[in-house]
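Everything below concerns the one structure shown next.
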Amino acid sequence: MDNKRIYDNYAFISYKREDEKWAEWLQRKLEGYKLPTILKKTNPSLPRHLRPIFRDKTDLGGGILSDELEKQLQNSEFLIVICSPHASRSEWVNKEIQVFIDEGRLGNIIPFIVEGLPHAGSAVEECFPQALKNIPKDKELLGIDVQEIGKERAFIKVIARMLSLRFDSLWQRWQREKRLRRSYVATMLAFLLIIFYFFAIPSRVELTVKDLSHRLPLPSCAKIIFNGTEQNIGSLDTVLILDNIRPYYKGRPYMLEFNAGYYDTLRFQGHFSWGMTTYVTLELKRDSTFGVYQGIVYDEQEGVPVQDAVVTVDNRTTRTDVRGIFKIVFPLQEQTLSKSVRIEKEGYLPRLRVDECPDAKNLTPYPMRKNT
């Protein structure tokens, strides 16, 4: 049966007021420490946390009687002494050490050296209070010197001594957990930056307009309606930048419409990119304005249709129907502003127009005279 005494405090920190910042730091580190899970599993009797840690200014108000401090000392398993030249001259720190020594708990005293040297032989450099210097050499306590090993190692050494664990094992796990914490913090910061990037910084739309035919005239005015906002563009085969798109729209749908003379109206729906720039390409399609040559061939004297007349527009040929009507459609790559039109019919004088414009809506009249 384990008759080990249960203490109210894991440790009592004894210090001089000039070293209060060190005492506060050490108390905060000790009370914030969490024993690694693997060590807790292999040593179930070890505490998960080292708290409370008693520090008189934290836990007691002004005017506290020495018997109350002595009670707190008796209820603390360890005494951590913040050793410095200030502490070496403190009667109060010396008395607190003596209480532990008188109770036979010398082995539970942990000197934590923050300044000076033990047994320095000089009052200016001495860091051990008299009660520690009076300890016989065969029982002399080994201090944990922050000046030699640094704050973090010294803090872990205190824990190792309190829990009777190997420092190397505890330090390695502490370093590993510290790296994990840093990695976690870095990941969270990266995540927050991504959130800020996506939802706080305005984006833009880069709109590329492509016109596949340059032999045809461009419209005097072309406009794009993007999500209800109208914008004129002065030239085609260009890149239009729409700035300051609200972050709210990232990933959401947008509506786009293109209107211009000589072109089919273009409407489509897309989605804003999750990135900073949404790339949109408009491949414009010409309407039939410059693709259709149609007309009606008739007898100039009699006004009747001329059937089966041979009509040649550029390099394409057709014949008129019973109504004297013909129609030739040119693909986009062959469309031009004007072409030559030649009409021939036996018994009629040939008809030639060298600069005829296309017309997709109306029939162009072509009167022919008989060859008399």
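The values are calculated or read from the model by the stated rules, or taken from the named source; none is laboratory data. As the structure is a computational prediction, the values presented were derived from the model and not from experiment. Neighbour counts are summed over all protein chains in view; Cβ atoms, including those assigned to glycine, are modelled from backbone coordinates with ideal geometry.
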Check your understanding: Has the range 160-167 got at least one residue that is within 30 Å of Glu68 (Cα to Cα) and either β-branched (Val, Ile, Thr) or under 41 Å from the mean Cα position of the chain (by Cα) (or both)?
Key -> yes
Point to revise | Number of the exception - Ser220 against (1) at pLDDT below 85; (2) hydroxyl-bearing (Ser, Thr, Tyr); (3) farther than 27 Å from Lys361 by Cβ | key: (3)
Point to revise | Unique residue being among the acidic types (Asp, Glu), under 30 Å from Leu284 (Cβ atoms) and loosely packed, with under 11 Cβ neighbours inside 10 Å when the list is Asp355, Asp359 | key: Asp355
Study note, to complete from the structure: Looking across the range 1-41 at residues that are in contact (Cβ under 8 Å) with a residue 40 or more places away in the chain and among the β-branched types (Val, Ile, Thr), the single one that is farthest from Trp171 (Cα to Cα) is Ile13
Check your understanding: Is it the case that some residue within the range 310-328 is among the basic types (Lys, Arg), under 30 Å from Arg204 (Cβ atoms) and exposed (fewer than 15 other Cβ atoms within 10 Å of the Cβ)?
Key -> no
Study note, to complete from the structure: How many residues of the range 252-269 are farther than 29 Å from Glu356 by Cα, of a type outside the set (Lys, Arg) and exposed (fewer than 13 other Cβ atoms within 10 Å of the Cβ)? The answer is 4
Review point. Closer than 25 Å to Tyr262 by Cβ and of a type in the set (S, T, N, Q): does that describe Thr318?
Key: yes
Point to revise | Count of residues meeting criterion [modelled with pLDDT under 95 and either part of a loop (DSSP other than H, G, I, E, B) or in contact with a Pro (Cβ under 7 Å, 6 or more places away or on another chain) (or both)] in the range 304-330 | key: 3
Point to revise | Within the range 182-207, considering residues that are at pLDDT below 85 and not hydrophobic (A, V, I, L, M, F, W, C), the one nearest to the chain's Cα centre (by Cα) | key: Tyr197
